[in-house]
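J.: To start, I am sharing the structure in question, which I have written as structure tokens.
The values are calculated or read from the model by the stated rules, or taken from the named source; none is laboratory data. A quick note: this is a predicted structure, and the numbers were derived from the prediction, not measured. Cβ: placed from backbone, ideal geometry, glycine included. Neighbour counts: every protein chain shown.
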Amino acid sequence: MPLKRIESEKIIQMLKDSFSKNQRYKIIALIIAIAAWVYVSIDENVTVKMDVPFKVDYSNDTGLVAIGDIPKDVTVTLWGPIDIVRALGPSQVKATLEIGTPVKGDMKFELTPRNVYVPADNVKVLKIDPSKIKLNFQKYTEKK
């Protein structure tokens, strides 16, 4: 029985020593660990989906107008630093399809990251939904 008591006293003393000795080094290690965690969490990249306004620009010299379902918004998937991506709002990100001069009939277009304006250089556009748009251009005539 006395042997168990001595062992338990040694264990208790070791535990006390582990908390009370080298406190300066333990505090420094804790500060380094917290600083590393903050650095990693700030530098973290995230993926965010948002609906952004969509606009079709084309020359109207030919008198043609786009008919059919033109989406008002497209869903854009962005990837970048957490603080920058979360600070971006739908009013800052814009999707535009510039056609130039359309021709009469159906025209199909593919939306790429080049069609999306993002005001931050370190944020990438991963995906646009819908990625394909079909527009029908017809001659505009006024009813009298």
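J.: Could you check, for the range 50-61, whether at least one of its residues is over 14 Å from F109 (Cα atoms) and in contact with a Phe, Trp or Tyr (Cβ under 8 Å, 6 or more places away or on another chain)?
T.: Just the residues of the range 50-61 that are over 14 Å from F109 (Cα atoms), to begin with: 50-53, 59-61.
Next cut, in contact with a Phe, Trp or Tyr (Cβ under 8 Å, 6 or more places away or on another chain) only: none.
No, there is no match, as no residue in the range 50-61 is over 14 Å from F109 (Cα atoms) and in contact with a Phe, Trp or Tyr (Cβ under 8 Å, 6 or more places away or on another chain).
J.: Those residues that are at pLDDT 85 or above, loosely packed, with under 15 Cβ neighbours inside 10 Å and among the hydrophobic types (A, V, I, L, M, F, W, C), I need them from the range 66-98; list them, please.
T.: Result: A87, single match.
J.: For W79, indicate whether it is more than 24 Å from L135 (Cα to Cα) and touching a strand residue (DSSP E or B) at 6+ places or on another chain (Cβ under 8 Å).
T.: Numbers: more than 24 Å from L135 (Cα to Cα): yes; touching a strand residue (DSSP E or B) at 6+ places or on another chain (Cβ under 8 Å): yes.
Judged against the criteria, W79 is a match.
J.: Taking the condition of being surrounded by 15 or more Cβ atoms within 10 Å (Cβ to Cβ) and closer than 30 Å to V65 by Cα, how many residues in the range 114-126 meet it?
T.: 4
J.: Let me ask another. Read through the list (1) exposed (fewer than 11 other Cβ atoms within 10 Å of the Cβ); (2) under 30 Å from K139 (Cβ atoms), then give the number of the only condition that F54 fails.
T.: All conditions are met except number (1).
J.: Quick one: which of K94, K104, K72, K55 is without any contact (Cβ under 8 Å) to a residue 24 or more places away in the chain and touching a strand residue (DSSP E or B) at 6+ places or on another chain (Cβ under 7 Å)?
T.: K72
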